[in-house]
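Below you'll find the structure, written out as structure tokens, and then a few comments.
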Amino acid sequence: PHTEPRSGLVFLLLLSDDLPSHWRSSAPPSRPSAPRPSSSVSPSSCCGRLFPSGGWSPMVTDPEPWLQVDLRDRMEVTAVATQGRYDSSDWVSRYMLLYSDTGQAWKQFRFVGNTNSEAVVHNKLSHSVRTRFLRFIPLEWNPSGWLGVRLEVYGCSFKSDVADFDGRSSLLYRFNQKSMSTVKDVISLRFKSRQAEGVLLHGEGQRGDYITLELHRGKLALYLNLGELRFSSSRVAVTVGSLLDDQHWHSVVIERFNKQVNLTVDSHTQHFQTKGEGDSLEVDYELSFGGIPLPGKPGTFLRKNFHGCIENLNYNGIHIIDLAKRRKPQIYSVGNVTFSCSRPQLVACTFLSSSSSFLSLPAAAPSTIMGGFSVRLQFRTWNSEGLLLSARLSPEPQSLDLQISNSQLLLTLHGAAQQRSEVSAGHKVNDGLWHTVSLDTRNLGAFQGCMRLITINDQPVNLNHVQQGLLGSYNQIQFDTCNIRDRCLPNLCEHGGRCWQTWSSFSCDCSGTGYSGATCHASIYETSCEAYKLIGSSSGFYSIDPDGSGPLGPAPVYCNMTGEFTAARRVVTFTLRRVQGSSALKPHSMALNYSASAEQLRAIIAGLSWDSLASGLRAALRVLADGRPLSWWLDQRGERRTYWGGFLPGVQQCSCSLEENCIDMSHFCNCDADTDSWTTDMGVLSYKDHLPVSHVVVGDTNRTGSEAVYQIGPLRCYGDKSLWNAASFYQESSTLLFPTLRTELASDISFYFKTSAPSGVFLENLGHRDFIRVELSSPSEVTFSFEVGNGPSVLTVKSHLPLNDRQWHFVRVERGVKEASLQVDQLPLRFLEAPADGHRRLRLNSQLFVEVSVSFDRESSVTFTFQEPFSVMQNRSSQASSVSRESSSRAREDVAFSFITSQSPAMLLSVSTFSQQYIAVILARNGTLQIWYHLQTHRKPDVFSPLLGNLADGLLHRVRIHREGKDLYVQVSGELRKLQSYTLSSDAELILIRSLTLGKVIKEVVQAGSKGFVGCLSSVQFNHVAPLKAALLNRGSSLVTIRGPLVQSNCGALADSITSHNLRGDANKTRPASRGDEFGLQQASRFRCSRSFHALITCERHFTDSLPSTCKFARL
């Protein structure tokens, strides 16, 4: 047996010798000349396992090859690993993995496979599945060879108690006392249903308590009440899930504490508060599972019993099915309940394509209309149009069509002389539930969905015979499965957008939400009055969205575009209020209701440059003898404040005390003087952390003739610090550090920039393989690139005018599950549609940062020495001289850096070990990039050249290198956007890493033959180490050695004065190539190539994480 596929995941091998498995294939594991039927069984499982010689490879003549594994019992499967066929050109590059309990009704995963025959590719399932059968279906394979595979499955066994209900049976759990009252409940189970309706759980009490869990229209509904109402037609359910009648297992957990309830179905959780007057659930006599045995009981309702299987049913720690199997007296069985899950008798098929899928079946006998031609079938789909059935009738040319048209069923009968009759029925039959449907053949696509229970002239059609070629014909159909998906669960439409779906995609209706875009992500409103002012709007009422695309909605405000400040927001104004009869024990209190929510107000105030609250107050504000105030106000968080307009926070005083003009200087407020005439305290509250005022409390007006009058002025907010917070990047060690992007499904970034540099990276965030990057790729182009697992995606906007003109330019990028977009100034918006079934989540793990860069000359170098052998730091053995296949397959490096140079050959980066291994990245004499890997000292190094073009062109290039075992992945921005893969001759790891060097190498890597590097390097990263930052921030450190001139340069200041002609001219003034040099080395004169990014940039970010408000220096 083999261990876990990657560090941190521990699996139990299922297909080991002590766990017998059964392997079945569509063809034998060789390539005989004669075809074999798909029911053939391979004689042993050895040929399909990892690492042994051989492997499974079907016949070339097999049109639909597959390999099936029978685990003999249900197991919990968590991962799968594949290799190609041993020592061959046969491997599978993309495949589908089906799973099923019974060998029918399959569900699927799709995975990327191998790029060669020997490397092991592990794929972890997005969620573990409990299954017995696995079917491996190749989708793509080596175009220069054939398909072949060695397969391994990982997971563990689990205990299962199952009960099978036939739609008329149930289990009753009877209490020891008359009723059971609980404050806390935890109920868990797994179920597999054959119908879209059915009660899973029911209990009720005399005082009106009830709990019911049932399937309704394929969704799970929970009815729960704690003593408020009897059962009635007005009962409200909380629903979770969709398409739960798919004959696959689904898990349910109900957690209740008092009125707080969590309902979880699979990975979807609904939090809610139940109705009722009490906190406990009181159920009389019994709980029923699988149905309601006595529907005539008071308060009960007529519902279908559950038809399917329930597994591991646990009620508050009691294992119900286990008690039933052991015939315990507290469990009473009604009807026929068995303790094994029966195989489903229904076989479905999936029509995959809306343009080419068909199933052609022969009629039992020639049919006439008068003879009664009949067809029965069930179907389910999301599409509103599609042809279900077309048949020719006798006598010719009569025919009929059954179709879905405009979400209705339409039956069309075609007669002679173009006569036609139509009849329609049903409504919204494209709701994903099982129906019968028909389509008009004119200008309509083929049906796309699932069918089952097909009968023609009362003769049932055996779909297994169709699959085996014994009956009819078909195209683009999958048998034994219904692959319908609910693409609206979870709802990926944001901000309340309504989700609509077809079979292959979904769309969002954003009307009325205040947001736009494919998933209603982008707000249609500006974030502030300042932003409206910037686009030329005049004073008036507006809606502003203070957090942009965040969770808060828009708020109505009035924007004053004139006056001392550029913009103002007025939320609400309050009129005069008179107060009488209030006392210290029963004070007058008024809550201030604004036109925006508390969360919106906090977001608005947090983004202000200045703020104030005009608060006019005229009231009796006396204090008690012990100094306690009789009047106060509450801030935005509900905390009591006793300072008044015009004074500083934390002091119980008014503005007259600050100005020393109170009518009685022995008091701090005019109203505290308690005179017989009216006095006034008035001023402005401007400490924004306390704003807005949420309540005003006034006491001491219960005496004869005592009265208070107060008025709260409007909340006025000035400025917007997100617009004009420009930061200048002069030192290359200065960066803006942002938190890692945590918005995996949707995010957007916008900023203004101005620069004179011809190219440079604005910002970048990296993950293990995923990344997101925005850059000025040329003087007139802005590029947005990212990777979420579907291959690198690139969007570019090209301007007809230079963008490095030292003027402000606006950039906004957005990435979501439906599309990505790039906006530059007022240029046309560029879109890139995301694949419908591709990876969606952007997983990043580094900080979002702007590049660090340094200029080198011929003699310059930076060497970072590791404190201890790097293999020790990575928890690997530092003593081993060789590495086993198992551990070496996990050897890995991640390298990333940017560079600019006009000189070649050049040494960019090298990594050396104490065991004479090395990695080197160089530019050859013709300027092409070369990557050297020398992992085994007795062999020649592996050399790869990802590009044929000259990279010594004075432009910015970004290089990313990732290795896992023998697999090497390289990406170079600018020229090569697509990730390229290579195979090393060895999968050994680097043993005892000694140092990493940028620029000229003193002793090591003689084979590379470079004498140094002239140009600019930036954003260098080797695994977790950032050597360039270490050099800039830790000069004098024992870990960093700097030789020769090393200049902290903006790498852009000389770009205008040093042209490409001059650079090449200097580079040509060199000595002839030395015969001993592998590339022919050249001696260039000293200069600093300076073409990296130097800019003024103002950042504005619209996701959940907060922004730092100031620039920070980079930290190692």
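The values are calculated or read from the model by the stated rules, or taken from the named source; none is laboratory data. What you see is a predicted model; the values in this text were computed from it and never measured. Cβ placement follows ideal geometry from the backbone for every residue including glycine, while neighbour counts extend to all protein chains displayed. Surface areas here come from the heavy atoms of the whole protein model, side chains and all, with no ligands, DNA or RNA. Shrake-Rupley method; radii C 1.70, N 1.55, O 1.52, S 1.80 Å.
Things worth noting here:
- Of the residues making up region 553-582, those that are at pLDDT 60 or above and either on the phi > 0 side of the Ramachandran plot or open to solvent by 30 Å² or more (accessible area, probe 1.4 Å) (or both) are Pro554, Pro556, Tyr558, Asn560, Thr562, Thr575, Leu576, Arg577, Arg578, Gln580, Gly581.
- The single condition among (1) assigned to a strand (DSSP E or B); (2) modelled with pLDDT under 90 that Ser160 does not meet is (1).
- Wholly enclosed strands (runs of 3 or more DSSP E) of region 163-272 bearing at least 1 residues β-branched (Val, Ile, Thr): 170-182, 184-193, 198-204, 210-216, 238-240, 250-257, 260-265
- Residues that are part of a loop (DSSP other than H, G, I, E, B) and under 25 Å from Gly103 (Cα atoms), drawn from region 471-504: Leu471, Gly472, Gln476, Asp480, Thr481, Cys482, Asn483, Ile484, Arg485, Asp486, Trp503
- Number of the condition not met by Gly760 [criteria: (1) open to solvent by less than 20 Å² (accessible area, probe 1.4 Å); (2) modelled with pLDDT of 85 or more; (3) of a type outside the set (A, V, I, L, M); (4) over 22 Å from Phe506 (Cβ atoms)]: (2)
- Pick from region 942-994, criterion touching a His at 6+ places or on another chain (Cβ under 8 Å) and not aliphatic (A, V, I, L, M), ranking: modelled with the lowest pLDDT: Glu975
- Candidate set: region 332-364, residues that are modelled with pLDDT under 75 and open to solvent by 50 Å² or more (accessible area, probe 1.4 Å); chosen: the one nearest to Phe479 (Cα to Cα): Leu346
- Test: Ser126 is polar (S, T, N, Q), assigned to a strand (DSSP E or B), farther than 27 Å from Asp90 by Cβ and in contact with a Gly (Cβ under 7 Å, 6 or more places away or on another chain): no
- Checked against (1) closer than 23 Å to Trp56 by Cα; (2) open to solvent by 10 Å² or more (accessible area, probe 1.4 Å); (3) in contact with a His (Cβ under 8 Å, 6 or more places away or on another chain), Asp166 meets all criteria but (1).
- Residues that are farther than 21 Å from His768 by Cα number at least 2 in the following strands (runs of 3 or more DSSP E) confined to region 893-990: 906-913, 918-923, 929-934, 942-944.
- For region 394-419, a residue qualifies if it is over 25 Å from Ser354 (Cα atoms) and either surrounded by 17 or more Cβ atoms within 10 Å (Cβ to Cβ) or at pLDDT 80 or above (or both), and exactly one does: Gln398.
- Qualifying positions in region 502-512 - modelled with pLDDT of 90 or more and open to solvent by less than 40 Å² (accessible area, probe 1.4 Å): Phe506, Cys508, Cys510
- Taking region 532-550 as the range and being part of a helix (DSSP H, G or I) and in contact with a Cys (Cβ under 7 Å, 6 or more places away or on another chain) as the test, only Tyr532 passes.
- Scanning region 763-792 for residues that are farther than 16 Å from Arg960 by Cα and either open to solvent by 30 Å² or more (accessible area, probe 1.4 Å) or polar (S, T, N, Q) (or both) gives Ser777, Ser778, Pro779, Ser780, Glu781, Thr783, Asn790.
- Residue within region 178-195 that is small (Gly, Ala, Ser), open to solvent by 10 Å² or more (accessible area, probe 1.4 Å) and under 31 Å from the mean Cα position of the chain (by Cα) present: yes
- Residue that is at pLDDT below 55, polar (S, T, N, Q), crowded, with 16+ Cβ neighbours inside 10 Å and touching a strand residue (DSSP E or B) at 6+ places or on another chain (Cβ under 9 Å), where the choices are Ser25, Ser42, Ser57: Ser42
Residues checked against (1) at pLDDT below 65; (2) in a helix (DSSP H, G or I):
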{"residue": "Leu601", "(1), (2)": "no, yes"}
{"residue": "Ser612", "(1), (2)": "yes, no"}
{"residue": "Gly616", "(1), (2)": "yes, no"}
{"residue": "Arg637", "(1), (2)": "no, no"}
{"residue": "Leu648", "(1), (2)": "no, no"}
{"residue": "Cys656", "(1), (2)": "no, yes"}
{"residue": "Asp664", "(1), (2)": "no, no"}
{"residue": "Asp676", "(1), (2)": "no, no"}
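- Scanning region 860-892 for residues that are at pLDDT 50 or above, in a loop (DSSP other than H, G, I, E, B) and either buried (at least 23 other Cβ atoms within 10 Å of the Cβ) or under 35 Å from the mean Cα position of the chain (by Cα) (or both) returns Ser860, Arg890, Ala891.
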